[in-house]
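Bear in mind that the values in this text are calculations on the coordinates, not laboratory data. These numbers come from a predicted model, not from an experiment. Here the Cβ is made from the backbone with ideal geometry for all residues, glycine too, and neighbour counts use every protein chain on show.
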Amino acid sequence: MLITPLELVLIPAVEVLIGLGGPYLRIRTSSDYWLYASLFSTTCPVAMDENEVVGVVIAFRSQDNPDDVYLQDVMTHPDHRRRGIARSLIATIHRQAAVWECKRLYLTSEPDNTTAHGSWLALGFANTRGDQTIEGISVISNYKGSDQASRGLRTDCQSHPVGRHARPARRHPVRGSR
């Protein structure tokens with residue numbers, strides 16, 4: 001497996017991969033992916049197995065709070081799960097965040113997406129205390145704005161501070177499985 005920054009030529013394959021993430025992930029517009037590849041590629045790593053895109057993380061460093069990096073989408077191809085791909089992709093972002101001296105990586109997930117929630121906990125993220133509990137998970141109402149209320153509540157997960165408690169970085173290309 002090779003981890004590489006998102007490039008324009010990979011956009012169609014990334015769109016297909018993200019499309020497999022429904023109902024929790026949605027494909028964004030091609031111009032959005034152009035933006036990610038052109039302006040945020042250091043925090044949008046793609047996992048390649050030979051010539052196939054098998055994983056991707058779309059993440060951004062906050063312009064308003066540069067100590068934060070937000071992981072918007074994390075997706076591993078269903079046929080390639082449980083091989084450490086998401087872990088390797090997130091470790092890539094951890095390393096870049098450490099270079100920038102960021103203090104926090106965070107992401108959100110739907111309260112009923114228990115598979116993702118278990119993955120985030122296993123990867124070192126901790127659930128942020130919310131204002132209510134749904135199915136045993138503390139969630140924040142309207143975390144991403146009022147338009148989210150109709151689509152469900154989000155679980156906010158924060159990592160340990162970047163650089164502390166992080167797993168050792170792997171060199172690229174990554175070989176190995178879980």
Within the under-12-Å Cβ sphere about Leu6, not counting Leu6, Lys/Arg +1 and Asp/Glu -1 give a net charge of -4
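What is the range 64-120 by shape, rounded, prolate or oblate, if you read a ≥ b ≥ c off the alpha carbon gyration tensor as root eigenvalues and call it rounded for a/c under 1.5, prolate for a/b larger than b/c, and oblate otherwise?
On the way: a/c = 2.96, a/b = 1.51, b/c = 1.95.
Oblate is the answer for the range 64-120, as a/c is 1.5 or above yet b/c matches or exceeds a/b.
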Here the residues of the range 1-19 lying in the modelled label zone of Trp100, meaning backbone nitrogen under 16 Å from a point 7 Å along Cα-to-Cβ, are 5-6
Note, the range 87-100: 3J(HN,Hα) by Karplus (6.51, -1.76, 1.60, θ = phi - 60°), whole Hz, Gly/Pro = x, goes 4, 5, 5, 5, 4, 4, 5, 4, 4, 5, 4, 5, 4, 7
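Rank these for me by crowding, Ile3, Ile58, Ile134, going from fewest to most other beta carbons within 10 Å. Provide the component values of the computation, followed by the final result.
Numbers: Ile3 19, Ile58 23, Ile134 15.
Fewest-to-most Cβ neighbours within 10 Å comes out as Ile134, Ile3, Ile58.
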Pseudo-spin-label distance Phe60 to Asp32, built 7 Å along Cα→Cβ, given in nm, is 1.0
Site Thr115, offset 7 angstrom along Cα→Cβ, radius 14 Å on amide nitrogen, limited to the range 74-101, gives 74-83, 86
Expected vector for the range 67-82, Karplus 3J(HN,Hα) from phi with 6.51, -1.76, 1.60 and θ = phi - 60°, integer Hz, x for Gly and Pro, equals 6, 10, 10, 9, 8, 7, 9, 10, 9, 10, 4, x, 6, 10, 6, 6
Leu2 and Asp131 label points (each 7 Å along its Cα→Cβ direction) are spaced in nm at 4.8
